[in-house]
1. Whole-Hz ³J(HN,Hα) for each residue in segment 345-354, computed from phi via Karplus 6.51 cos²θ - 1.76 cosθ + 1.60 with θ = phi - 60°, x for glycine and proline: what do you get?
2. What distance in nm lies between label points placed 7 Å from Cα along the C-beta direction at GLU296 and ALA334?
3. Could you tally the net charge around SER100, taking each other residue with its Cβ under 12 Å from the Cβ of SER100, Lys/Arg +1 and Asp/Glu -1?
4. Cα axis of helix 388-402 to longest principal axis of the chain: angle in degrees, 0 to 90, nearest 10?
5. For segment 111-200, what relative contact order do you get, as a whole percent, if you take Cα pairs closer than 8 Å and at least 6 residues apart?
6. To the nearest 10 degrees, how steep is helix 103-118 against the longest Cα principal axis of the chain, on a 0 to 90 scale?
7. On the principal axes of its Cα set, how long, how wide and how thick is segment 5-53? Give whole Å, largest value first.
8. Let me have the 222 nm mean residue ellipticity of the chain computed from DSSP H runs of 4+ only, each contributing -39500 (n - 2.57), with the sum over all residues rounded to the nearest 500.
Amino acid sequence: MDVIITGGGIGGLTLALALKASGAARTIRVYEAAAEMRALGVGINIGAHAMKELSALGLEDALVATSCQPQDYAFFTRHGQLVYREPFGKAAGHQWPHISLLRPDLQRVLLGAVRERIGADNFFVGHRCTGVEQSSGRVTAHFAAPDGTPLPDQQADILIACDGIHSVVRKQFYPDEGAFKFRGYNLWRGVTVHKPFLTGESIARIGARHSTMIIYPLRRNYDGDGSTLYNWVCEIERDVAVPVDWNKPGRLEDFLPNYQDWVFDWMDVPALIRNAQQILSYPMVDRDPVPHWSFERVTLLGDAAHPMYPQGGNGGAQAILDAAALARFLASEADPVAALKAYEEARLPVTAKIVLQNRTAPPNVIVDTVEQRTGGKKFEKLEDIISQDEMKAIFESYQKVAGYHVQQVSRPQG
Ligand SMILES: Cc1cc2nc3c(=O)[nH]c(=O)nc-3n(C[C@H](O)[C@H](O)[C@H](O)COP(=O)(O)OP(=O)(O)OC[C@H]3O[C@@H](n4cnc5c(N)ncnc54)[C@H](O)[C@@H]3O)c2cc1C
């Protein structure tokens, strides 16, 4: 079977590796729109469920070497008061680590493996897919160069569109979807070198409602002086969405004022933000789940299939889980059209649930609940406000829908 993958992001690269490992494809060609593979993006989280798949592809050591593996997850109010803390990743009993790393490092490891395993001459940059056609059991993909010049068509038995949030192929099948759904929040994301806080391998989620923040470590001993490279994301309620562009630079004056008094004994948030090496903005947008991803010999994967809010570490992980599942179906099912359908049936309902959960029960529900009950004031005794059991139930329920609860991940693959 000849396979075309459009998009050389996290999903497309993982799929190429999983297909190669499964032996399901005779040829695998990846076509990426960007003219060159540049180091773009800041931090990304890959949970134990997705690391299980990347480990099976022999990538765990390389990824662990270039990442942090957070050991606990802590929730704080906007006054810096700790409300809940849980062991995380391997410390929570997972066999595989949860890793936090720079997206460029993740892409570099995946791309290195793709070039080595499927051949560098099967990875094409400067090829933007502009549309697909199907006839007589084959798919034809049309391409354009970065300057818009048409490039020769390419044919295969199946095509998997891993072309991200602005997917051209999804638009071809759903031309009337319209604008993204905006939740009324924008994100400002950055990386800062800072001295370690809490365990040094902690994820901190602070605040609720109008202004929240998450901070997580990406690399320890970053400058060789014991400091850590941290990723942080500020989430603020706004009327108008910033552009849906992962590379859009953010401006301090647009969000720093909301955090001016967030100076705690364990973290000076304004200083963390001001000392950032890079600041980007992105809106909290998604799309309604669609009824189908697979159309005969073409299917969607990753953000092209299920654009979801960039929170809870889901974007990258779900693309990796899609890729692993699709490779398994293509290896076990002789008819590729049936395999693409089976993949859709397995993955669409699961990811649709995450899209909807992110809207109604985002990961910071714990602090939301506390701040609602305190009216946003400091509390004296936490146990008068909320019980540990209630918070544990909230924390675990998010993990279960996202599929990274320890009991789910320990099940056999597939
Ligand atoms: C430049 C960039 C920076 C990002 N930074 C972050 C970050 O800092 N943190 C984070 O959590 N997530 C980030 N993301 C998003 C994250 O990678 C995805 O949400 C997630 O990994 C799902 O992966 P995906 O493969 O579906 O999409 P992506 O990883 O977005 O990959 C899509 C790929 O398809 C390519 N492409 C787009 N259109 C076409 C086309 N028509 N033909 C061929 N190729 C096409 C894109 O150039 C991209 O390489 C970023 C995405 C991009 C593209």
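Since every read-out is calculated from the coordinates, none of them should be taken as a lab result. Remember, it's a predicted structure, so these values are computed and weren't measured experimentally. Backbone-built Cβ (ideal geometry, glycine too); neighbour counts: all protein chains shown.
1. Karplus values, whole Hz, x for Gly and Pro: 5, 7, 9, 5, x, 5, 6, 4, 5, 5.
2. Placing both labels 7 Å beyond Cα along the Cβ direction yields 2.2 nm.
3. Values: positive: ARG103, ARG219, ARG220; negative: ASP105, GLU201.
Every neighbour counted, the sum reads +1.
4. Around 10 degrees separate the two axes.
5. Values: 77 pairs, mean separation 14.8, N = 90.
Relative contact order, segment 111-200: 16 percent.
6. 30
7. Taking max minus min along each principal axis of the Cα atoms, segment 5-53 gives 35, 32, 11 Å.
8. -9500 deg cm²/dmol
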